[in-house]
Amino acid sequence: MAAPTLKVALRTYPYTEAIKSGAIPVTGATLEFEDVKPHIAAFRRMVRDLAFDICELAPTTYIIARAYGVPIIALPLFFVRRFHHDGLVVRPEAGIETPRDLEGKNFGVRAYSVTTGVWKRGLLQNEYGVDIDKITWWVDDEEHVEVLRLPPNVKHVAEGESLVSMMADGRLDAACTGDAGIGRTGKPGEGWNDSGPVLPDNLRELFPDATRLNREVYAKNGVYPIHGCLAIREQVLRDNPDLGRAIFDAFVAAKAPYLAELRAGTATGKQADKDRKLMQIVGDDPIPYGLEANRASIEALIRYGHQQGLIPRAYKAEDMFLPL
């Protein structure tokens with residue numbers, strides 16, 4: 001059988017460049033890459049229309065899609081990592097001094113199933129005892145998986161308004177920053193986050209000592225939040241049973257030179273700067289691959305998704321990711 005040509009949507013990272021350039025091939029397949037800008041648009045095309053054979057997806061979008069029957073399965077490759085005590089801002093006049101003070105308040109997040117929001121709610125609920133059902137979650141974008149039905153305490157902003165406008169006039173008490181919240185306006189599209197919106201200048205982080213807290217929670221539970229996983233159409237793997245391992249091995253090989261440079265202190269660029277900070281918490285591999293290396297994080301995300309009403313039950317890690 002001739003090697004298949006597979007359509008792939010994947011962002012470029014220092015540890016994926018060799019795959020995208022062809023310097024490191026995938027045994028048994030030819031990969032053709034389509035760069036989607038913003039890449040978030042590829043999420044929707046994959047889970048709604050199976051527009052790609054292989055696609056980098058937000059992991060929450062992926063587990064919801066798989067739970068609701070979209071015929072895709074992910075490899076335990078995670079391209080973006082971050083902790084979540086930071087990027088949660090509050091208005092000083094809202095009277096929010098502790099996480100529990102968020103109860104009864106209005107919180108802005110781009111979409112309820114956005115992975116950053118899931119991690120932050122999971123942190124608030126499981127580490128700080130916050131009743132997330134007592135918070136009103138305001139969203140101004142649609143969910144990637146259209147069949148998803150949201151809890152009654154999730155509200156969509158009025159037509160013509162946004163999380164930014166709600167924060168500006170005091171109707172939001174707290175919000176995620178960046179693309180997951182008030183760091184952009186409008187639905188994902190070309191240039192949607194090129195310039196930061198005008199926000200009140202007195203917003204403050206709920207957790208000003210985020211780095212210390214991230215380190216303490218990680219030391220306790222080993223959860224290193226995952227973002228950006230690689231999903232593949234199930235039919236592709238049925239037709240090519242060895243392809244999952246071949247793809248995984250190629251990405252491991254592509255990461256090795258970057259990881260060596262990180263450890264040697266010679267890697268440069270924004271990604272390297274970010275990864276060096278993460279290494280101070282997680283050790284000498286800030287982008288671990290493989291099911292066992294990420295089991296605690298995978299199981300936590302699945303548990304949080306179930307707690308938050310995004311998936312119908314708490315799946316096993318092996319139900320969602322190939323055992324590689």
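The values are calculated or read from the model by the stated rules, or taken from the named source; none is laboratory data. Note that the coordinates shown come from a computational prediction; the quantities given were computed from them, not determined experimentally. Positions of Cβ are generated from backbone atoms using ideal geometry, with glycine treated the same way; all protein chains shown enter the neighbour counts. We work out accessible area using only protein heavy atoms, side chains counted, and drop any ligands, DNA or RNA first. Shrake-Rupley method; radii C 1.70, N 1.55, O 1.52, S 1.80 Å.
Please sort 131-138, 12-19 by packing, taking for each peptide the average over its residues of neighbouring beta carbons within 10 angstrom, highest first.
By packing density, highest mean first, the sequence is 12-19, 131-138.
When the stretch 36-174 is described by a simple charge dipole with +1 on each Lys and Arg Cβ and -1 on each Asp and Glu Cβ, the residue from Met46, Phe107, Leu75 located farthest towards its positive end is Leu75. Electrostatic bookkeeping for Asp275 treats Lys and Arg as +1 and Asp and Glu as -1; over the other residues with beta carbon under 14 Å from its beta carbon, the sum is +4. Normalised Debye scattering of the chain at q = 0.08, 0.12, 0.14 Å⁻¹ gives log10 I(q)/I(0) of -0.37, -0.84, -1.16, counting only Cα atoms as equal scatterers and leaving out solvent.
Expressed as a whole percent, the accessible area of the chain that falls on carbon and sulfur atoms is 49 (1.4 Å probe). Per residue, the convex hull spanned by the Cα atoms of the stretch 168-232 amounts to 155 cubic angstrom. Relative to the longest principal axis of the Cα atoms of the chain, the long axis of helix 210-221 makes an angle of roughly 60 degrees.
Which of the peptides 98-105, 147-154, 305-312 is most tightly packed, and how do the rest follow, going by the mean number of other Cβ atoms within 10 Å of each residue?
Numbers: 98-105: 15.5, 147-154: 13.8, 305-312: 19.5.
The peptides rank, most packed first, as 305-312, 98-105, 147-154.
With a sphere of radius 15 Å drawn around the Cβ of Leu31, what net charge do the other residues whose Cβ falls strictly inside it have (Lys, Arg +1; Asp, Glu -1)? For residues surrounding Leu31, the net value is -3. Reported to the nearest whole Å, the Cα centre-to-centre distance from the stretch 9-71 to the stretch 153-192 is 27.
For the peptides 120-130, 60-70, the ranking by mean Cβ contacts within 10 Å, running from highest to lowest, is 60-70, 120-130.
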